[in-house]
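The values are calculated or read from the model by the stated rules, or taken from the named source; none is laboratory data. On a predicted model such as this, the values are computed, not experimentally measured, just so you know. Here Cβ is always computed from backbone atoms with ideal geometry, including for glycine, and neighbour counts include all displayed protein chains. Note: accessible area is taken over every heavy atom of the protein model, side chains too, but ligands, DNA and RNA are not part of it. Shrake-Rupley method; radii C 1.70, N 1.55, O 1.52, S 1.80 Å.
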Amino acid sequence: MSQLPQHWIMTKLGNICGSGQYGWTTKAADRGAIKFLRTTDITKGQIDWHSVPYCQDEPPDLDKYQIQANDILISRSGSIGFSALIRHTPFPTVFASYLIRFVPSERIEPRYVAYFLRSSEYWQQISEASSGIAISNVNAKNLSKIRTPLAPLNEQK
């Protein structure tokens, strides 16, 4: 990225959103109590919550995997780099193991991070960070290292 505007800094995604958390591993089911958000559900742009399947097996520690408002989910395999900012969940929902959750720090505007995750600078870094011959993938450690320009909070908003 070229020179940053005054008062901006260059940081890493992990510094502003934590180290990342992998999702729950199970299969999708037609019925259940807990929805199961997958990579295919976030790559379409808008999440169609009614088409999101359920968990075949619910996690024993639901709180560990349950999606909260302002979580950012990034696909780590196949369609790597695709992301979604969760504004709300109309159903209790956990995220699948091919997604990595990042939670913006208190002084970070989640929408700002979501916009950055659509930028050409982000996609260039994803291309450099991904590995794999048949199926590209990226891990939480590499995603945490993504260089991220950070504006002052009032400009983030």
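Inspect the stretch 85-92 for any residue being touching a Pro at 6+ places or on another chain (Cβ under 9 Å) and assigned to a helix (DSSP H, G or I) and give the result as yes or no. The answer is no; no qualifying residue exists. Of all helices (runs of 4 or more DSSP H) completely enclosed by the stretch 106-157, which ones contain at least 3 residues that are open to solvent by 50 Å² or more (accessible area, probe 1.4 Å), touching a residue at least 24 places away in the same chain (Cβ under 8 Å) and over 20 Å from residue 19 (Cα atoms)? Passing ranges: none, list empty. Applying the selection to the stretch 9-34, what residues are at positive phi and either in contact with a Leu (Cβ under 6 Å, 6 or more places away or on another chain) or touching a residue at least 40 places away in the same chain (Cβ under 8 Å) (or both)? Listed by number, the residues that qualify are 18, 20. All conditions in (1) modelled with pLDDT of 95 or more; (2) open to solvent by less than 60 Å² (accessible area, probe 1.4 Å); (3) over 20 Å from residue 103 (Cβ atoms); (4) not small (Gly, Ala, Ser) hold for residue 43, with the sole exception of (1). When the strands (runs of 3 or more DSSP E) confined to the stretch 1-79 are screened for residues that are within 19 Å of the chain's Cα centre (by Cα) and more than 23 Å from residue 108 (Cα to Cα), those reaching at least 1 such residues are found at 35-37. Could you list, in sequence order, the residues of the stretch 62-88 that are surrounded by 20 or more Cβ atoms within 10 Å (Cβ to Cβ) and either out of contact with any strand residue (DSSP E or B) (no Cβ under 7 Å at 6 or more places or on another chain) or among the aliphatic types (A, V, I, L, M) (or both)? Listed by number, the residues that qualify are 67, 72, 73, 74, 80, 84, 86.
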